[in-house]
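**Q** One structure coming up, written as structure tokens, with questions to follow.
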Protein chains: 6
Amino acid sequence: MTKILIVNPNTTASMTATIATAAQAVAAPATEIVAVTSSMGPASIEGFYDEAFAVPGLIEAFLKAPDADAGIIACFDDTGLDAARSAARYPVVGICEAALVTAGQIAKRIGIVTTLPRSIVPLEELVRRYGFADRAAVTACDVAVLDLEKPGSDAKAKLEAEIARALEKGADAIVLGCAGMADLAHELSVQFGVPVVDGVAAAVKQAEALAGLKLTTSRRGAYASPAGEKYTGLLERFAPASKE
Amino acid sequence: MTKILIVNPNTTASMTATIATAAQAVAAPATEIVAVTSSMGPASIEGFYDEAFAVPGLIEAFLKAPDADAGIIACFDDTGLDAARSAARYPVVGICEAALVTAGQIAKRIGIVTTLPRSIVPLEELVRRYGFADRAAVTACDVAVLDLEKPGSDAKAKLEAEIARALEKGADAIVLGCAGMADLAHELSVQFGVPVVDGVAAAVKQAEALAGLKLTTSRRGAYASPAGEKYTGLLERFAPASKE
Amino acid sequence: MTKILIVNPNTTASMTATIATAAQAVAAPATEIVAVTSSMGPASIEGFYDEAFAVPGLIEAFLKAPDADAGIIACFDDTGLDAARSAARYPVVGICEAALVTAGQIAKRIGIVTTLPRSIVPLEELVRRYGFADRAAVTACDVAVLDLEKPGSDAKAKLEAEIARALEKGADAIVLGCAGMADLAHELSVQFGVPVVDGVAAAVKQAEALAGLKLTTSRRGAYASPAGEKYTGLLERFAPASKE
Amino acid sequence: MTKILIVNPNTTASMTATIATAAQAVAAPATEIVAVTSSMGPASIEGFYDEAFAVPGLIEAFLKAPDADAGIIACFDDTGLDAARSAARYPVVGICEAALVTAGQIAKRIGIVTTLPRSIVPLEELVRRYGFADRAAVTACDVAVLDLEKPGSDAKAKLEAEIARALEKGADAIVLGCAGMADLAHELSVQFGVPVVDGVAAAVKQAEALAGLKLTTSRRGAYASPAGEKYTGLLERFAPASKE
Amino acid sequence: MTKILIVNPNTTASMTATIATAAQAVAAPATEIVAVTSSMGPASIEGFYDEAFAVPGLIEAFLKAPDADAGIIACFDDTGLDAARSAARYPVVGICEAALVTAGQIAKRIGIVTTLPRSIVPLEELVRRYGFADRAAVTACDVAVLDLEKPGSDAKAKLEAEIARALEKGADAIVLGCAGMADLAHELSVQFGVPVVDGVAAAVKQAEALAGLKLTTSRRGAYASPAGEKYTGLLERFAPASKE
Amino acid sequence: MTKILIVNPNTTASMTATIATAAQAVAAPATEIVAVTSSMGPASIEGFYDEAFAVPGLIEAFLKAPDADAGIIACFDDTGLDAARSAARYPVVGICEAALVTAGQIAKRIGIVTTLPRSIVPLEELVRRYGFADRAAVTACDVAVLDLEKPGSDAKAKLEAEIARALEKGADAIVLGCAGMADLAHELSVQFGVPVVDGVAAAVKQAEALAGLKLTTSRRGAYASPAGEKYTGLLERFAPASKE
């Protein structure tokens, strides 16, 4: 069995359930999916500030599960990905990076549709870092992350309208820019007649790929294991007993 | 079962055998690997000219196997990849692209070690197209492709020396830049203590990923199916009368 | 005399005639223009697949004319340019590259107007490779290549509309993105009051330039002559028994 | 008076003292420098993991001092800069960005000399984000951050050797890539006859500049204020009531 | 006292007055602002040709004031900046570069609004050189420089409309792309609720920063002092007999 | 006849003679070469300062010869090229740009060998502007421009050594980075067995190409004709009373 630990770095458990379902749907028979919700941090991750405060809970979740074969960070900002790679004993996959490398093998121009406009720039910076600046454009459908789950909202209509705009501007595949959209990929793909890639599903397959190749994060260079002694008592230290 | 067709676009059958073995070694239980040698073209692909003449045989191989679930082009130049994607009914993976996206998820800086100096520029152009220009450097160990298989050659020693140089210059993972090196990855990884990625193995997992996600090449935009009627009489001409 | 061999890499002879006329119109007195139609391949080149299958016929044409002083590939995709440079004894000019370096010396921002939308991405990849990514934008007037020659089509009106849009978006020169448009350059230039560059004409002058400077393709590095012995029996197969 | 809050995001108070001294030395007469040590996090910041865990303490420090006129993050990784800009009421300056924009106005090619090799890639990613990829090269003198303060270490000799190498490779100015080197800039500048820029000093002047221009972080787009309600009880939440 | 010499490289004295006022408004108490009008050159700088002919007068102004602590070139094209840095004894700041590095520390995406369309490309080239190509977009409000000062013109309305368009396209801060707009920054910032950066004000603070850090242009590499003896008789010729 | 005006923008007449000879050697039979020395400016152009002061004399030379069919600026810095294009009635070619577009059609990787190290950065900026940043590397052989003409100097030996180094680092063609080296190209090409491109010769062919195509600088956008009336009294001042 290959055990894949998926961490939802926000603290909204219902979103974890959506993510887990999407992951199970594509997992190989020999893959065990374990999806956990971060124990601390923001209820949703929308922008740089939320990202920063999601990292400690995320890392804690990876450190508590040293026996996994691969990890996934289930937020499209790939929150804390570099830190997680430095810390986890197994490879860690980000859903944005996984979605891009997947879409990049079946299409030339990619439209990434995210939730709020304030997430555009952080995602553009990711896209550039991953080498897709010439191939992928980020737009927002102006829906708050948590509204994706609210029955009766116009979230899906807004998402569809933004996908249509992206195709018109030249995209030949769509990437859904939020883990909370994981359940919509198949339906939208049929509707628009183009590949629609969900990052959670893509990440499960990348995690299976790395585990299957017995490859893990290089310990040479930037991902070298952190010097633990500087962190004795780590999480306790974040809540200083008596201080200031 | 997932059927993956691997085409060796050069005409050297012994190299196909090396490739098939490397592919089998990492394939999932439910994956069937079918490896074929191109029926026409150069004995090895070293540079732009060889690439061009390897494409017709390669495409023919994909067209003759319409029932595969995914295809792989087993030459590190990703020879004919865009044409194959336009023509095949299933997703097609290039071993260079697969190796880079795999290595890129476990390392920041990648050293690609290829065979002859004349292949450096074509690979640099691929690296740039795939968005890894800032992260991957291409060097050559100055071994002809077909010498990799000759017993008693100094090919492996030259390859090791070049890997050592790449690590010194800052690489934290190595990608082997020739399908003929597929059997060496594991051993070199142990020897140097860094991930060493073989493109053939990486491509098998990317092909399984795309097939598992039921994703195939977009038919919108640059990969739209070619207008076949313009080709009347052409493909027959490419197909040799007596198949070798 | 300087002999320039122009190969139309598609198999449509009427387009070769258009190309030859455009070339003659700008050739220097001491230049002899020889224009040939490829003996095999697609009737028009629209996208990656057509490109791949146009190469063997193209190369064959160059190999059959070893006494030329320079060669030109008269398809705006610069189909097979790198392979041709490796193989031909003389310098080979691509009409896209020639048009861009010409336009780049008389304008800062270039609008490239091609035929079908599916050709946009292949041309964008060329533009990037030639270093014009910051200066040139590719758009399509949505006319099939072969319709450019059909009397009574709305091809010219569509082309004019697209040129107007490109100028509005900031282009200060236009490059015609298809060899089949070669006869329209002068008229459109007068009409719009900006330089309109046709790749065929531009390529003739670049070919004259290289021949006049007695410069030919470097044999060091990526363009090193291909190792012919690996190809025994191959070119015969590509050459149709009775043709031209 | 202009009050500038400098936060040392690692927990080593002696380094805060070095930083405060360097800041005072260049502050304008009307500037009040307040330097604080983060109350939680790693003792030094060397790589992605340390960065992530330094952010909560850093943000806390800015939130506790709402009356400052500008803030400075005194770690050369510009740890948490985007999050701090989203949260603080005043502009926030990173010492890496400040050093680069300063050096960029007096030199064309910049050599950044940091401490450990593992910090090279994180800094290269910053350099790229700030638009200096073509102008600045990052190298390491292989000295641990905390060794910079140890009497009798060979830290300074190693730093000098690395500066000499950077100048040889074409740098015309040096940026010291660690806040702990702040006291060495002037001396090294005299010794090597080129500008040597310390990020702490540079940041004080950039902070004075922004405060003097009455400019603060845009609240439109990526730096929009975080949605506070998602964070009720923020820091308490980081220390979950019952530790799992 | 820190003496900052601001040179208006066009010959319009009323624009120098606007510039001086904007500079005084932000100068530190210990800063002395000296603003001079170039003694020769075009009345306004709009494009490459005007730029070239503004340089001699500009350089002359710097050479005539060897006792300044820093210099500023008050034209948004940063006309002659590299030459001035090579020649002046003190650091020289360009108002475009100063505006960009200032805006870049408080915003992610920058809209630069200049005067005439013909200035867009020269500014885009500057933006690219300064490393802001991914972050800043240049547009023109189609107002001639000298019309900015004409009472009753619709210049301000056009500028406001262009700012609104830039914000809609994603800018989160505005940079005013002409020294003649220096007096409008504050008012526009209040009106649009985003930072609006004037290059003259930004440059004063950068000049104070460099002077305060006792940093000046590197004499190693591209800014090495010019070999004066080659110029015998030249500067006299540039200096007009009767100074206007 | 096609009349090509070559302006040597430095004031050293012996260098103009070398340039004229190189130009004549490659000119077509119907081409008339007119080479002039600038009437004012530095004796050689080495760096940004010299460039700035060479422009007025250069422009004057073009304005004085309105009947030419094309112009060439014979300094490898392409000094004043954008201004000259704005002002001249005919197309203007820079020898650096001409050399790069020529070399780029016969080689993939280009080594540019210039004179003094201080010219490296200005040329790197040109290379980037022309889109050759990924393909061309600039190095210096450490010879002052005027020493190239001194009999008995070690200039040629130094140049040869630098060419050898460039080839070792992967160049497959060499561009001579100074107009004063124009006479050496052929000999060096034979000696090293690779194309060696001289900018003067390349520029003659580019000028013939543009004239032959009846193309001239676009008057739309950045090269729009300058508004002359702003310059009343200016050009007279630049024109020396008694022409030397």
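Read-outs: derived from the displayed coordinates by stated rules, not from any lab. Keep in mind that this is a model prediction, so the values were computed, not measured. When we count neighbours, we look across all protein chains shown, and the Cβ atoms used for this are built from the backbone with ideal geometry, even at glycine.
**Q** Determine, for B:45, A:33, the number of other Cβ atoms within 10 Å of each Cβ, and report the residues in order from fewest to most.
**A** So the ranking, lowest neighbour count to highest, is A:33, B:45.
**Q** Could you tell me which of the pairs B:64/B:205; B:108/B:150; F:64/F:214; C:3/F:158 are separated by over 30 angstrom between their Cα atoms in the structure shown?
**A** Correct reply: B:108/B:150; C:3/F:158.
**Q** Note the direction-averaged projected area, equal to a quarter of the hull surface, for the Cα convex hull of the stretch F:96-158, in nm².
**A** Answer in nm², one decimal: 4.5.
**Q** Another question about this same structure. What base-10 log of the normalised intensity I(q)/I(0) is obtained for the stretch F:116-207 from the Debye formula, alpha carbons as equal point scatterers, at q = 0.11, 0.12, 0.20 Å⁻¹?
**A** -0.30, -0.36, -1.08
**Q** While we're looking at this one, here's another question. Which order results if A:146, C:100 are arranged by neighbouring Cβ count within 10 Å, fewest first?
**A** A:146, C:100
**Q** Further, regarding this structure: Residue A:190 label points, 7 Å along Cα→Cβ, one per copy: pairwise distances from this copy to the rest in nm, shortest first?
**A** 4.9, 5.8, 5.8, 7.5, 7.8
**Q** What percent do you get for the relative contact order of the stretch A:40-126 when only Cα pairs under 8 Å and 6+ apart count?
**A** 27 percent
**Q** Shielding by partners for B:192-199, please: the mean number of other protein chain Cβ atoms within 10 Å of each residue's Cβ.
**A** 3
**Q** Which residues in the stretch C:97-127 have a backbone N closer than 19 Å to a point placed 7 Å from the Cα of residue C:157 along the Cα-to-Cβ line?
**A** It comes to C:115-116, nothing else.
**Q** Using Cα-Cα distances under 8 Å and only pairs 6 or more residues apart, what relative contact order does the stretch A:97-198 have, in percent?
**A** Contact order relative to length: 34 percent.
**Q** For chain C, state the average projected area of the convex hull of the C-alpha atoms over all orientations, rounded to one decimal in nm².
**A** 13.2 nm²
**Q** Can you give me the long-range amide H partners of residue C:72? Hydrogens built in the peptide plane at 1.01 Å from N, cutoff under 5 Å, separation of 5 or more residues or another chain.
**A** Placed amide hydrogens put C:5, C:6, C:7, C:93 under 5 Å from residue C:72.
**Q** Next question. Mean shadow of the protein assembly as shown, computed from the convex hull of its alpha carbons, in nm²?
**A** 51.4 nm²
**Q** What does the net charge come to around residue F:180 if you take all other residues with beta carbon closer than 13 Å to its beta carbon, with K and R at +1 and D and E at -1?
**A** It works out to a net charge of -4.
**Q** Determine by what factor the alpha-carbon radius of gyration of the stretch E:150-192 differs from 2.2 N^0.38 Å, reporting the quotient.
**A** Dividing the Cα Rg of the stretch E:150-192 by 2.2 N^0.38 Å gives 1.14.
**Q** Using helices alone, what [θ] at 222 nm do you get for chain F, with -39,500 (n - 2.57) per DSSP H run of 4 or more residues, divided over all residues and rounded to the nearest 500?
**A** Using -39500 (n - 2.57) per qualifying helix, the result is -12000 deg cm²/dmol.
**Q** For the stretch E:3-52 and the stretch F:123-182, what is the separation of their C-alpha centers, rounded to whole Å?
**A** If we compute the Cα centre of each part, the gap is 39 Å.
**Q** Please compute the net charge surrounding residue F:194, taking Lys and Arg as +1 and Asp and Glu as -1 over other residues with Cβ under 11 Å from its Cβ.
**A** Here the count lands on +2.
**Q** Give me the distance in nm between label points sitting 7 Å out from Cα along the Cα-to-Cβ direction at residue B:30 and residue F:191, one decimal.
**A** In this crude spin-label approximation the distance works out to 6.8 nm.
**Q** Per residue of E:104-114, what is the mean number of Cβ atoms on other protein chains within 10 angstrom of that residue's Cβ?
**A** 6
**Q** While we're on this one: Helix C:155-168: angle to the longest alpha-carbon principal axis of chain C, degrees 0 to 90, nearest 10?
**A** Relative to chain C, helix C:155-168 is tipped by roughly 70 degrees.
**Q** A further question on this structure: Order these by the 10 Å Cβ neighbour count, fewest first: A:112, A:95.
**A** Lowest count first: A:112, A:95.
**Q** Put the label 7 Å from Cα along Cα→Cβ for residue C:151; what are its distances to the other copies, in nanometres, shortest first?
**A** Sorted ascending, the copy-to-copy spacings read 6.8, 6.8, 7.3, 7.4, 10.0 nm.
**Q** Hey, another quick one. Run the simple label-point estimate for residue D:133 and residue F:144 please: 7 Å along Cα→C-beta, distance reported in nm.
**A** 4.0 nm
**Q** Summing +1 for each Lys or Arg and -1 for each Asp or Glu, what net charge is found among the other residues whose Cβ lies under 10 Å from the Cβ of residue F:93?
**A** Residues near residue F:93 contribute -1 overall.
**Q** With the label 7 angstrom out along Cα to Cβ, how close does residue E:17 come to the same site in each of the other copies, in nm, nearest first?
**A** Distances between equivalent label points, in nm: 5.7, 5.7, 7.3, 7.3, 9.2.
**Q** May I ask for the Kirkwood hydrodynamic radius of the stretch C:58-132, worked out over all distinct Cα pairs and given in angstroms to one decimal?
**A** Radius from the Kirkwood sum: 13.4 Å.
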